[in-house]
Amino acid sequence: MTARNWLTTGLLTLLLPLPAAYAGDVDTQFIFGFAQGSDVGELGEREVEFQNNGAFGKADGTYTALGSELRGEFTPFQNLRLEAGALFTYYAIQGVSGLDNQDAFQFAGVAVQGRYRVLDRRSAPFGLTVGVEPHWLRVDDTSGQAVTNWGGPIVVAVDKELVEDRVFAAFNVLYDPEWSHLPASNSWQQQSTLGLFAAVTAQASEGLFLGAEAYYLRSYDGAALNSFSGDGLFLGPTAYWRASQHLAISAAWSVQVAGGAVGVVGGLNLQTLTNHQVLLRLEYTF
């Protein structure tokens, strides 16, 4: 079974009838898929998170990029969540123009994150959280080649409860600057991404949320959104299952439906982005 088929099966499994789930208070951080909610956990809450991301499809050849993150999370102060973790990647690349063939699993780097909730959705008209995630990577996230990469994505997450305990919506703005040193040429490259995310999800049964999201990504050469290089619009379904008080599973699958790259003829941007993006996440709360 290929990596794509394995992930597809996993996502479809989440949509099958499930046993009764935990019916406690909703934490919105991960219920939307790729988009984030504004919640940051209860004071003193500890959590282990195992997140898997998949990117599939370039203009030619075969392309699979899988990333796994194992993180520890802690809410030491009211409205502040801190995270730290290790990242691993697997690349299977064959016959893709501009990329070397690859078939390798690697330790990719480390990341830390801080998320501060400015407005609590339970007492304000909407929730608002600002997060920053500095990271160091030793693997390029597109080619899988050895690099030294530094970055610090900034995410502003807004969410609102549209129907009490039933329907939730979220909107995110992403700014992701990166600096990469290429050892082969002993040179530095800068790039950045601007993203807009919108998502809605509904509680279909106790603890089970089904929804949809759309996000638009713009890629630039230069860390300050200097020179536009391509864009892509993604659409897809999301699922979140709060299996118990301690365990939750979430998933998302998005397909690029429109886009383009500078200097490339075609209706999609398969230069700086991919055709499909998949997410599968496990959370265990103490």
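If we only count strands (runs of 3 or more DSSP E) wholly inside the stretch 120-163, which ones have 2 or more residues that are buried (at least 17 other Cβ atoms within 10 Å of the Cβ) and in contact with an Asp or Glu (Cβ under 6 Å, 6 or more places away or on another chain)?
146-151
Looking at (1) outside any strand (DSSP E or B); (2) at pLDDT 95 or above, can you tell me which one R218 breaks?
(1)
Of the residues in the stretch 44-78, how many are in contact with a Phe, Trp or Tyr (Cβ under 7 Å, 6 or more places away or on another chain), within 17 Å of T285 (Cα to Cα) and not charged (D, E, K, R)?
2
Considering only the stretch 146-168, I want to know if a residue exists there that is within 23 Å of Y63 (Cβ to Cβ) and either hydrophobic (A, V, I, L, M, F, W, C) or modelled with pLDDT under 95 (or both).
Scanning the stretch 146-168, I find at least one residue that is within 23 Å of Y63 (Cβ to Cβ) and either hydrophobic (A, V, I, L, M, F, W, C) or modelled with pLDDT under 95 (or both), so the answer is yes.
State whether one or more residues within the stretch 170-183 are crowded, with 17+ Cβ neighbours inside 10 Å and of a type in the set (A, V, I, L, M).
yes
Please verify whether the stretch 186-195 includes one or more residues that are hydrophobic (A, V, I, L, M, F, W, C) and under 17 Å from R218 (Cα atoms).
Looking through the stretch 186-195, at least one residue is hydrophobic (A, V, I, L, M, F, W, C) and under 17 Å from R218 (Cα atoms).
How many residues, within the stretch 94-123, are more than 22 Å from Q191 (Cα to Cα) and touching a strand residue (DSSP E or B) at 6+ places or on another chain (Cβ under 9 Å)?
Residues flagged as more than 22 Å from Q191 (Cα to Cα) and touching a strand residue (DSSP E or B) at 6+ places or on another chain (Cβ under 9 Å) within the stretch 94-123 amount to 18.
Kindly establish whether L66 is in contact with a Gly (Cβ under 8 Å, 6 or more places away or on another chain), in contact (Cβ under 8 Å) with a residue 60 or more places away in the chain, under 28 Å from T148 (Cβ atoms) and part of a strand (DSSP E or B).
In short, yes.
Kindly evaluate A198 against the criterion of being surrounded by 18 or more Cβ atoms within 10 Å (Cβ to Cβ) and under 14 Å from the mean Cα position of the chain (by Cα).
Here the answer is no, as A198 does not meet what is asked.
State yes or no: is F228 within 20 Å of the chain's Cα centre (by Cα) and not charged (D, E, K, R)?
Judged against the criteria, F228 is not a match.
The values are calculated or read from the model by the stated rules, or taken from the named source; none is laboratory data. Source: prediction; values computed, not measured. Please note: Cβ atoms are built from the backbone with ideal geometry, for glycine as well, and neighbour counts cover all protein chains shown.
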